[in-house]
Amino acid sequence: MKNPLLVFNQNGIYCPKAKIYIDAWKPVNKVIISHAHADHSKYGHQHYLTHPNSVPIVKHRLGNINIESKEWGEKFTVNGVQFSLHPAGHIIGSSQVRVEYKGDIWVYSGDYKRVNDGISTPFEPVRCNTFITECTFGLPAFNWKKQEIVINEINDFWEECKANNQTAVLFAYSLGKAQRLIANLNLEIGKIYTHGAVENLNELIRTYKNLPKTYRITRETKKEDLIGNLVIAPPSTHGSPWLKKMVPYVTSSSSGWMTFRGARRRRAIDRGFVLSDHVDWKDLIQTIEDTEAKNIVCTHGYQDIFSKYLNENGYNSFMENTPFQEEEIIENNV
């Protein structure tokens, strides 16, 4: 592509005209952060910019940093280049980044989903000439059920465990998926207990978002307190001594990867619920159509397959490599 507005280099996604990076993976001077997950929000940058709902989380994870915020649609210009943030719907505060220079408009999606999860600001398509999209689940096999159907499946699982005097353990990413579940599950069944990593974020998010009450698991928490209730914990706790307090328990996981039964077997999970904070195949295609972009840059995930599909269907698509990972991989490496 001739004179691209955004380029991929060894440090991240870079706007040469404005000398600003987006989701840089190595320390840089100025960076726009799409959302607060650890693979997109790295330590070591001199100046950060993100949405106000991401600021407390980024500071919680990275410490005392130089950070400012911009509201959705609030335009700011650097060296003649106009920027603005737009809802991505991935997690609380997640943003797409719109970049415009002399009528050439690029949009970087970050991670995104089209489903209104009831806690994140819903995704809004942004028209552009070039769209940079994630392809985490860029295969036709990934076709999500409606959220309410999956939530009902999890509620039924919880009730079944309660009837059998067991603890229902649900593995979910500490930031994003955990809060989505808490906001939507049926609290008439019982109480939701949480791992400390989840509850730390819950307490932080409650300072500016409504979130139902949950109960932190501590040393004082008794096994009897947990039976019949639901425990939400990071995937990294699976197989750890921490779970001994839950006995007798049944494990489950909420992830797009639960589409494949083999994934559940490999992880030794009793039950799998297909619930993802990323777009599936059909929503990837719908988003491309909604942006009206002709140039599509495909990043992390099944980018080769999705890019090939786009090229076969009249788009100018190419791939760029990034170190971004699906959050479960990150949490299991903590």
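The values are calculated or read from the model by the stated rules, or taken from the named source; none is laboratory data. No experiment lies behind these values; they were computed from the predicted model shown. As a convention, Cβ positions derive from the backbone with ideal geometry for all residues, glycine included, and neighbour counts pool all protein chains shown.
Here is how the numbers come out for the structure above:
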| read-out | value |
| --- | --- |
| Complete set of residues in region 171-186 that are crowded, with 22+ Cβ neighbours inside 10 Å and closer than 19 Å to I92 by Cβ | A172, Y173, S174, L175, G176, K177, A178, Q179, R180, L181, I182 |
| G12 being on the phi > 0 side of the Ramachandran plot and buried (at least 19 other Cβ atoms within 10 Å of the Cβ) | yes |
| Candidates T322, T299, T251, filtered to the one that is modelled with pLDDT of 90 or more, touching a His at 6+ places or on another chain (Cβ under 8 Å) and in a strand (DSSP E or B) | T251 |
| Verdict on I305 being touching a residue at least 60 places away in the same chain (Cβ under 8 Å) and buried (at least 20 other Cβ atoms within 10 Å of the Cβ) | no |
| Residue within region 21-28 that is within 19 Å of the chain's Cα centre (by Cα) and either of a type in the set (A, V, I, L, M) or more than 15 Å from T299 (Cβ to Cβ) (or both) present | yes |
